[in-house]
1. Of everything in the range A:85-100, what is more than 7 Å from chain B (Cβ to nearest Cβ), crowded, with 20+ Cβ neighbours inside 10 Å and either over 41 Å from the mean Cα position of the chain (by Cα) or modelled with pLDDT of 90 or more (or both)? Give them in sequence order.
2. Could you please give the count of residues in the range B:71-83 that are more than 10 Å from every other protein chain (Cβ to nearest Cβ), loosely packed, with under 15 Cβ neighbours inside 10 Å and outside any strand (DSSP E or B)?
3. Has the range A:298-312 got any residue that is in a loop (DSSP other than H, G, I, E, B) and not β-branched (V, I, T)?
4. If I ask for residues that are among the charged types (D, E, K, R) and either crowded, with 19+ Cβ neighbours inside 10 Å or at pLDDT 80 or above (or both), which ones from the range A:5-24 would you list?
5. Given (1) touching a residue at least 24 places away in the same chain (Cβ under 8 Å); (2) within 10 Å of chain B (Cβ to nearest Cβ), where does A:R118 come up short, assuming only one miss?
6. Looking at this structure, is A:M161 outside any strand (DSSP E or B), over 30 Å from A:T72 (Cα atoms), within 23 Å of the chain's Cα centre (by Cα) and at pLDDT 85 or above?
7. Among the residues of the range A:101-147, how many are surrounded by 16 or more Cβ atoms within 10 Å (Cβ to Cβ), under 30 Å from A:V210 (Cβ atoms) and touching a His at 6+ places or on another chain (Cβ under 9 Å)?
8. Taking the range B:109-142 only, how many residues are over 22 Å from A:Q80 (Cα atoms) and either in contact with a Lys or Arg (Cβ under 8 Å, 6 or more places away or on another chain) or not charged (D, E, K, R) (or both)?
Amino acid sequence: MASVRAAAALSGAIVLRLLREGLVVRALAWPGIVCALAMVGTAGGYAMWGTSPSVVVADPALAKQMTEHGFTAELSEDPQKEIRNHRAIRAVWRENDRWVLGRVWPGRATLRLESLLREIAGARWRIDIPPLEARPTDVDYQAHLIAGVIGLFFTLYGVVMGAGTVFRDRGNGCLESELSLPLPFWMHGAARIAALSVVLVPALCTTLLVLHGLLGIDSLSTWMLHDCLAALTGGVLGLAATSGPKSDKGFSAPLSRALATTIALIGAGWALPQLGRWLPLSSIGAFLAGLDPAATAAPLALAAAGAAALRFGRSECI
Amino acid sequence: MRLSRISAVALRDLRQRVAGKGWYRLPALALALLIPAGIFPGSGPPSESTVENRPAVVVSGNVPLDLRGKLRLDDTSPIGISGSNPVRVRAPFIPGELRGALDSLPGQPRIEVRRFRPDIRLPGRSILLALLAVSLLTGPLAEALPGERSRKTLEVLLSAGISRTELIVGKWSAWTLAACASAFMAAAMSAATSVQSPSWWLLGLPLFIGTAVALGLWLVRSVSDLVGGAAAPMRVLPVVSVGMALLAWIVSRSYPTLAAAVPLGGALLVAGDVLTGPAPLAAAAAGSAVSTSFLLAWTARDLDRWAGESAAERSGGGGLLAIAALGWWLAVGGPGVWAIAGNPGVHLSAVAATAGGGAFLLICALVAAAREGCLDLGWDKAGCGRILAASAGSGLLLSLLGTTNTALLLPAWSAPVIERMAAAALPSGFSLLVTVLVVAGHTMLFRNVLQRRISMIGAAAAWTLIVFPFDPIRGCISGLILGGLSKHSGTASAFLAHLIWALAAQSAVLNLS
């Protein structure tokens with residue numbers, strides 16, 4: 001019981017020191033705020049400018065019909081020239097025995113224009129466009145991607161914090177004071193990992209919750225679990241990079257190594273999802289690639305954390 | 001400025017990082033990341049077939065005789081066909097094969113959909129090289145100023161016979177040259193493997209890297225520890241670079257040369273081969289020179305004025321208030337923007353949004369309180385009965401307050417956002433857990449942290465502005481009552497009163513329904 005209380009007190013002290021660095025509000029609020037602002041800004045921008053599709057036509061009667069159906073029709077003697085010279089993104093003109101609909105981008109507005117043109121021209125086949133789905137299927141993928149990117153950001157913060165706490169505490173003498181406490185050797189590393197979890201997990205879950213409210217993330221709980229595990233493993237890698245018998249006691253080289261290893265593992269999971277889904281860190285790469293993480297990722301992440309705590313204690317307590 | 005001093009500082013910085021037994025680690029890491037990024041061919045932009053010609057032509061409905069054999073029937077297909085003259089196709093998109101089959105139907109008139117290339121030049125691989133080269137500088141930039149400051153070697157340098165400008169320019173040139181060397185090596189490999197042919201972008205690389213390093217040094221100019229020094233460039237540099245590149249791209253639609261002069265963004269577009277030719281390059285060089293000089297001069301000026309005071313002392317409640325307001329508004333009101341954008345039926349969870357907003361405020365408040373060392377809820381066991389009575393009385397008094405909806409004065413299109421914000425301000429339609437979370441977030445931020453920083457009246461004004469912007473009278477009165485309660489009976493008392501108010505409103509909602 002006394003050990004648990006000591007571990008909690010040590011973790012609490014590390015949490016307070018971490019929070020006083022100014023990292024949390026600025027760094028941990030940043031990904032959520034930037035993502036949410038970008039999404040709301042995009043929707044707001046679309047609401048302001050993106051609701052009236054434009055088309056260039058030569059025939060005033062055709063222009064009138066298109067305007068009546070919600071298009072902004074502009075008249076030009078040569079619509080083809082307008083679209084070829086990048087002055088229009090949709091244009092309609094006659095060419096011998098046929099109508100030509102020139103377009104730069106595919107999409108719903110272009111399909112609506114084609115449907116209208118077929119009705120006006122009396123074409124042999126016509127298009128009926130079903131109503132817009134409340135949640136188009138491509139939004140699922142975008143939400144999936146954002147949940148993965150948020151996990152990646154927090155993992156990188158985990159690496160920086162994991163490496164930074166050790167380096168900073170070694171520099172200002174806190175680490176030596178901690179190591180002189182009458183505690184089991186493994187507790188120092190475990191307290192650091194617990195402190196990282198206390199800082200990272202609530203911020204990450206809140207960010208995902210806010211983004212879920214904005215976009216609707218499928219499998220939110222799976223994302224929360226695996227993003228948190230990835231962030232924790234990132235912290236463990238940062239901790240491991242700055243400690244150990246062969247550590248060079250610097251900051252930038254171990255930090256760069258830990259960051260590169262993290263990105264390489266996540267990238268490997270994305271490139272080889274069948275393998276990556278079994279491993280911590282790689283599992284969010286695999287999840288991003290569309291494969292659910294396997295049940296081994298969580299215990300392996302916790303095992304890595306345990307091993308890092310033991311290694312930290314052994315190497316620093318000598 | 002004396003060149004010999006600048007080069008001495010630059011060499012000192014480089015030697016510090018690339019010295020000893022593990023001297024090769026940083027350069028090796030840079031090359032290990034940059035060279036594969038330079039030489040592996042990408043998949044390129046999505047082709048027409050992947051964008052529009054999605055799955056094979058499987059349709060449902062009644063296929064006309066002329067099309068039998070060309071289309072496959074499956075009742076689950078989202079593409080439905082009916083009628084014979086005209087044939088009606090019900091589909092959210094028309095796959096290429098289906099279009100081909102339908103165009104083979106006899107009869108006039110014909111309609112051809114012709115594709116034109118967009119007037120957009122996509123960035124080349126070099127944009128990735130530029131961004132990666134800069135991202136590798138997170139550690140060295142943190143060592144350059146915060147590291148020196150934490151080791152107390154900055155004072156030694158500042159007391160040497162060298163000006164502040166020479167010191168900063170020396171550090172800037174060290175890391176600009178190092179990043180340029182690794183980026184050029186990757187660019188050479190990229191050119192040698194024909195991934196991207198050499199062009200004006202080669203000259204854009206040092207312009208972007210130089211400005212980014214200057215911005216990185218400016219970001220860490222007041223930071224006194226390595227961890228903060230590593231986090232600031234990592235957090236800000238990519239966002240600012242991409243944001244400025246977007247701004248430059250928007251400007252480039254009308255004024256390409258002017259766009260190249262946009263600091264950081266213009267140079268990134270030149271480095272990414274989006275803006276090409278001598279005129280954009282010259283503009284990017286001018287923009288980069290001005291912005292780099294400005295940033296370096298600012299950094300040099302602030303070298304010995306680092307942040308000794310806390311965030312609270314530096315900005316009062318301003319920074320915390322801004323983050324909290326942004327977080328709450330985006331989480332709670334943000335989903336309403338989809339309705340304004342034309343998709344009112346999108347199924348988004350108001351519970352998750354409100355819980356996310358409440359949790360965001362609570363975390364902001366807890367972090368601020370922990371940093372100031374004042375996480376005191378003011379619960380006095382001796383006066384427990386008095387506190388409970390005051391809380392219950394205040395909560396019931398608040399529940400008698402009527403609403404004054406000024407949203408009626410706002411345009412109708414803003415209604416979806418306002419409705420969401422009004423529902424979350426006094427959480428009354430959610431589960432108890434969400435209600436407690438939101439009330440705890442509001443209480444901790446407005447009655448505990450902000451009240452201590454900007455007084456009770458300031459905190460009540462902030463509460464009205466952030467949480468009750470569309471019902472200001474109720475916001476002001478409730479803010480003052482809860483603030484007064486917190487001041488005299490403690491934060492826990494204000495929390496209880498707020499919770500009673502929310503639960504009373506909840507029971508009123510239930511009775512009405």
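The values are calculated or read from the model by the stated rules, or taken from the named source; none is laboratory data. Keep in mind the model is a prediction, meaning the values are calculated, not measured. All Cβ positions, even for glycine, are placed from backbone atoms using ideal geometry, and neighbour counts span all protein chains on display.
1. Keep residues of the range A:85-100 that are more than 7 Å from chain B (Cβ to nearest Cβ), which gives A:85, A:87-96.
When the remaining residues are screened for being crowded, with 20+ Cβ neighbours inside 10 Å, the result is A:88-93.
Within the range A:85-100, A:R90, A:A91, A:V92, A:W93 qualify.
2. Result for the range B:71-83: 3.
3. From the range A:298-312, those in a loop (DSSP other than H, G, I, E, B) are none; that's our starting set.
No, the range A:298-312 contains no residue that is in a loop (DSSP other than H, G, I, E, B) and not β-branched (V, I, T).
4. Scanning the range A:5-24 gives A:R5, A:R17, A:E21.
5. All conditions pass for A:R118, except number (1).
6. Taking the combined requirement at face value, the residue satisfies it.
7. 3
8. Taking the range B:109-142 and keeping what is over 22 Å from A:Q80 (Cα atoms), we get B:122-142.
Still in the running and either in contact with a Lys or Arg (Cβ under 8 Å, 6 or more places away or on another chain) or not charged (D, E, K, R) (or both): B:122-124, B:126-142.
Residues flagged as over 22 Å from A:Q80 (Cα atoms) and either in contact with a Lys or Arg (Cβ under 8 Å, 6 or more places away or on another chain) or not charged (D, E, K, R) (or both) within the range B:109-142 amount to 20.
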